[in-house]
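J.: Structure incoming, see below.
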Amino acid sequence: MAQHIDPKGIKISLGLDTNGDVQKFLVNTCYKHMDKYVPKREGNLRTIVTFDNTGVTYEMPYARYQYYGEREDGTHQVHNYTTPGTGPYWDERMMSAEREKIIREVQRYIRRH
């Protein structure tokens, strides 16, 4: 008789589900790596954030404008990000540049736990 495999149960036992330890570690690791890609004049955009198990939310009222590089109506485009290497879609910039580092960090975390 074949035994039923429960993929959801496996994910939970390994901490890979939305509420799991590995998921929390991944979100925190991405936040740490993302910091240098987030525009900074005084630092509030980078530091006033909330976390949940699915990601990071930048809470400043102008965060959306900075992230997309323009206002919702397409006017007032951001033309100058004052900190080199920063700009719109900072999460994508970070993943493009640091994906392999993040994968290695998460793999090390999984092996230790």
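J.: I'd like the projected area of segment 23-112, averaged over all directions, using the convex hull of its alpha carbons. Report it in nm² with one decimal.
T.: Mean projected area of the Cα convex hull: 6.3 nm².
J.: A further question on this structure: Expressed in nm to one decimal, what extension gain is obtained for the pair HIS113 and ARG64 from 0.36 nm per residue of sequence separation less their Cα-Cα distance?
T.: 14.0 nm
J.: A further question on this structure: So, counting K/R as plus one and D/E as minus one, what does the shell of residues with Cβ under 12 Å around ALA97 add up to?
T.: 0
J.: Also, quick follow-up: Counting helices only, and only those DSSP H runs with n ≥ 4, report the 222 nm mean residue ellipticity of the chain as the sum of -39,500 (n - 2.57) divided by its residues, in deg cm²/dmol to the nearest 500.
T.: -14500 deg cm²/dmol, from helical runs alone.
J.: Run the numbers for ASP17 and ILE103: contour at 0.36 nm per residue of separation, minus the present Cα-Cα distance, in nm.
T.: 29.3 nm
J.: Could you count how many Lys pairs in the chain have their Cα atoms under 24 Å apart, skipping same-chain pairs fewer than 8 positions apart?
T.: Value for the chain: 10.
Laboratory data are not the source of any read-out in this text; all were calculated from the coordinates shown. Note that this is a predicted model, so its numbers are computed, not measured. Every residue, glycine among them, receives a Cβ derived from its backbone with ideal geometry; neighbour counts consider all protein chains shown.
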